[in-house]
Amino acid sequence: VCLNLERFVERSNGIFGKSGTGKTFLTRIALCGIIKNRKAVNLVFDMHSEYGWQGTYEGDRDAVRGLKQYFADRVTVFSLDPESSRRRGASIDFEVKIPYSQLTVDDIILLQNELNLTPTTLETCYALLGRFGDQWFSRFLKMDSDAVTDFCDTNNVNQNAISALQRKLKVLAESCKSFLIDDSVHTVDVDAVKAIIGNLDSGKHVILEFGQHHQPLRYMLVANILTRRIHHKWVEKKERSLARRGPEPPQLVITIEEAHKFLNHELASQSIFGTIAREKRKYNVTLLVVDQRPSGIDPEILSQVGTKITCLLNDEKDIDAVLTGVSNASGLRGVLASLDSKQQALVLGHAVPMPVVVQTRIYDDEAFRTSMGLLPTANLDKLIKDDIATDFD
Ligand SMILES: Nc1ncnc2c1ncn2[C@@H]1O[C@H](COP(=O)(O)OP(=O)(O)OP(=O)(O)O)[C@@H](O)[C@H]1O
Ligand SMILES: [Mg+2]
């Protein structure tokens, strides 16, 4: 079965299925297709470090190759946790540091569930922003109790709310201290966003490994901060190109795992990922959302998803979510519920003429390596043998 990749990348897409059905494997296959055929540049938020150098495999081998091993000179691996990348023997190209001044109130709002923040606490953030501008995070963390009381008096905010917020943000800063840097104290040499954009602009694919920082809180914070700024650049570029003052930005596909965390009903309007999904392909940016719980994604966002690749789902709510707005949904329900528990998927939407069930090809076997342009190992062995043979001739 042929996915029309051209049509695939021009809309946001989803890969769904319950745990262990092969979503990550399918995503890697889709990314390989996009890279090999040069249909877009990819930015992958690699929560569990499965895409860059190598991925885990439940079966007769420990690991499968990641995208870097397939497309060495066209993939750049960024890492939040270079120690862990090195331990896994992965080669990384950049270490990501994020300055405090790039943290906006929206980034904190996105974390309201994880941090258990109330609406009053969020208003407090805006008061701080109003007072300190982009230094708000760093200035706030440094306030002592007198300063907090003063701030409450002059800005008419609730003392309990602000103290609770300060405690939580201090914990956040502490848990992220290896990559979240107070730039009022230390200079951050390399702007990760600039480096990522530089790579994407030159046609290189970027994978950001989280290593030990895979907790939802850190993952969401970092993905949101980086994506907001990258998206901003893409909008600027696109507008310049429309005014004929510059080239078009390349088509960019952003892959996120655990997508419902960013795109649930409550947060979809606030997270940058919600914005991207809603504006369709207006600015040459689309999403590839990977999720085991599609019912957790805002229905409005799901309705923007162009092509859905769905592995086995058991939960009725998830099946409903995937099939909302699809014609012949009742027929397809049965199909979805009877898929194999691995490596089978129902594909529907923009990139296929009609819904089809596919057997996912085996990732990283010899046939796959050959079709991606890696030398088959047998040939390689033979070449080496020939080499040795000639040496002895
Ligand atoms: N295309 C494939 N080629 C080879 N093996 C596969 C393929 N798809 C799935 N598998 C097997 O199924 C296992 C689970 O796949 P995968 O890690 O992609 O699941 P997942 O849906 O991402 O799970 P989770 O939700 O827990 O992340 C793999 O470790 C591998 O053994
Ligand atoms: Mg997975």
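Readers should treat all values here as calculations from the given coordinates under stated rules, not as data from a laboratory. Computed from a prediction, not measured in an experiment: that's the story for all the values here. Cβ sites come from the backbone with ideal geometry, for glycine too, and all protein chains shown count toward neighbours.
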Notebook entry, point to check: Based on the alpha carbon coordinates of the chain, what radius of gyration and maximum Cα-Cα distance (Dmax) apply, in Å?
Noted result: 23.0, 90
Margin query: Rounding to the nearest 10 and keeping the result within 0 to 90°, find how far the Cα-based axis of helix 119-132 lies from the longest principal axis of the chain.
Written below: 80
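Could you sort out which of K168/K261; K36/K280; K18/K68 sit more than 22 Å apart by Cα distance in this structure? All intermediate terms of the calculation are to be shown ahead of the outcome.
Details: K168/K261 20 Å; K36/K280 24 Å; K18/K68 27 Å.
Exceeds cut-off: K36/K280; K18/K68.
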Next item on the list: Using amide H atoms built 1.01 Å from N in the peptide plane, name the residues 5+ places from Q54, or on other chains, whose amide H lies under 5 Å from its own.
Entry: G66
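For the range 103-181, compute Rg over Rh where Rg is the Cα radius of gyration and Rh is the Kirkwood radius from the inverse mean 1/r over Cα pairs. Could the numbers behind the result be given before it?
On the way: Rg = 11.7 Å, Rh = 12.6 Å.
Rg/Rh: 0.93.
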Check: Just going by the charge dipole of the chain, with Lys and Arg at +1 and Asp and Glu at -1 on Cβ, which of Y363, L5, S84 is farthest out on the positive end?
Finding: L5
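Take H214, H205, H350 and order them by how many other Cβ atoms sit within 10 Å, fewest up front.
Values: H214 18, H205 24, H350 15.
In order of increasing Cβ crowding within 10 Å: H350, H214, H205.
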Next item on the list: Could you state the angle between the C-alpha long axis of helix 192-201 and the longest principal axis of the C-alpha atoms of the chain, as a value from 0 to 90 degrees rounded to the nearest 10?
Entry: 40
Next item on the list: Can you run the Rg to Rh ratio on the range 311-371? Use alpha carbon positions and the Kirkwood inverse-distance Rh.
Entry: 1.05
Notebook entry, point to check: Sorted from fewest to most neighbouring beta carbons within 10 Å, what does the list H231, H186 look like?
Noted result: H186, H231
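In deg cm²/dmol and to the nearest 500, what is the mean residue ellipticity at 222 nm of the chain if only DSSP H runs of at least 4 residues count, each as -39500 (n - 2.57), divided by the residue total? Spell out each step's value before the answer.
Values: 19 runs with 179 residues, N = 393.
Result for the chain: -13000 deg cm²/dmol, rounded to the nearest 500.
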Margin query: Can you give me the angle between helix 23-36 and the longest principal axis of the chain, using Cα atoms only, in degrees from 0 to 90, rounded to the nearest 10?
Written below: 80
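Rounded to the nearest 20 Debye, what is the dipole magnitude of the chain about its Cα centre when Lys and Arg each give +1 and Asp and Glu each give -1 at the C-beta?
On the way: 48 positive and 51 negative charges, 218 e Å.
With only Lys, Arg, Asp and Glu charged at Cβ, the dipole is about 1040 debye.
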Check: Roughly speaking, what is the centre-to-centre gap between the range 329-378 and the range 197-233 when only Cα atoms are used, to the nearest Å?
Finding: 27
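Please arrange D291, D46 by counting, for each residue, the other beta carbons lying within 10 Å of its beta carbon, fewest first. Numbers along the way, then the final one.
Details: D291 24, D46 28.
Final ranking by Cβ density, sparse to dense: D291, D46.
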Notebook entry, point to check: For the range 1-80 and the range 252-280, what is the separation of their Cα centres, given in Å?
Noted result: 19
Checklist line | For I98, residues with placed amide H under 5 Å, excluding near neighbours | finding: L180, I181
Check: When only DSSP loop residues count, what trypsin sites (Lys or Arg not before Pro) in the range 1-102 have their Cβ near at most 12 other Cβ atoms within 10 Å?
Finding: R38, R61
Next item on the list: Using amide H atoms built 1.01 Å from N in the peptide plane, name the residues 5+ places from I254, or on other chains, whose amide H lies under 5 Å from its own.
Entry: L43, T286, L287, L288
Item checked: Estimated dipole of the range 103-181 in Debye, rounded to 20 [Cβ of Lys and Arg +1, of Asp and Glu -1, Cα centre] -> 180
